[in-house]
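I have placed the structure first, in the form of structure tokens, so that the comments after it can refer back to it.
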Amino acid sequence: MSKRNLALIGATIVSIIYGVTFTIAKDVMPKYIDAYGFILLRAGGSMLLFWLVWFLMSLFNKNENEKIALNDFPRIIASAFFGVAFNMLTFFKGLSLTSPISAAVIMVTTPMIVLVLSAIIMKERMQKRKVFGIILGLIGTAFLILYGKSIGSATNASLGNFLVLVNAISYGFYLIIVKKLMHKYNAFTFVKWIYLFGFLMVLPFGWSQFATVDWAIVPTDIYWKIGFVVVISTFLTYLLNLLSMKELKPTTVAVFIYLQPLFATVFAISLGKDELSLVKIGSAILVFSGVYLVTMKKS
């Protein structure tokens, strides 16, 4: 199997994990832990995992001890801000105010943002096929949100949706900024620094909420869900995304966000919180067609 196909599979797995995460994270907050406290837990747990894996790898492979040039640290700090701190703070706060499927669908603005940013910053050509694919995916997800039954509670949907949109713009910047680091260093060399700086950035926002959690009343299944978000939804997905971005353009990686509302809906249906309809099936076809057009290689 080619590296490109493996990268495409990795990006699909990330979309499935994120689609599931919308509902799982919503079960945890704000009932057991508020959004910013949860982010501190997520960023801190992932930071420890990245540093631990890097340390273990460096023991067995001396090549893992590559040094980062000082002039690359501003890019790493910017990646930490847009890819961890600002990204997570706006997303989790937004998700705590809106419904999982709404949040998942709003995330599909990211490919549009990345396509425009790539054209401006990286001078990437706006191919008609890609633009058409993105429009198809956007139509599919618009139908999904307009006619799809939302799951979960939405206490302030308009503010929540706006914050998720801001998060999508932030993630778009991250995908562009981190690309140069990908070609220069091993993933573990810089991602551990991204999470260290990201953790320090969210610490002032999340500490007070984290400190007030009464862990004695948190049910066992919620502990498992917190573990899933930290280990699978953060640590594993960041690794898979970085590996995918070695082979794929930021616009291609970003378009996989279109699959998230689809998987979020499938997961919701499997839990009996949503139901299947012709509109959702039609939306799914449009979304997959859009992803295919964007990821298809030129002959």
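The values are calculated or read from the model by the stated rules, or taken from the named source; none is laboratory data. On a predicted model such as this, the values are computed, not experimentally measured, just so you know. Protein only, heavy atoms only, side chains kept; ligands, DNA and RNA dropped before computing areas. Shrake-Rupley method; radii C 1.70, N 1.55, O 1.52, S 1.80 Å.
Things to note:
- Shape of region 1-82, Cα gyration tensor, a/c cut at 1.5: oblate
- For region 163-169, Karplus couplings with θ = phi - 60° (6.51, -1.76, 1.60), whole Hz, Gly/Pro x: 5, 5, 5, 4, 4, 4, 5
- Contour minus Cα-Cα distance for Leu70 and His183 (0.36 nm per residue): 39.0 nm
- Trp207 accessible area, 1.4 Å probe, all protein chains in place, Å² to nearest 10: 140 Å²
- Shape call, region 171-285: gyration tensor on alpha carbons, a/c limit 1.5: oblate
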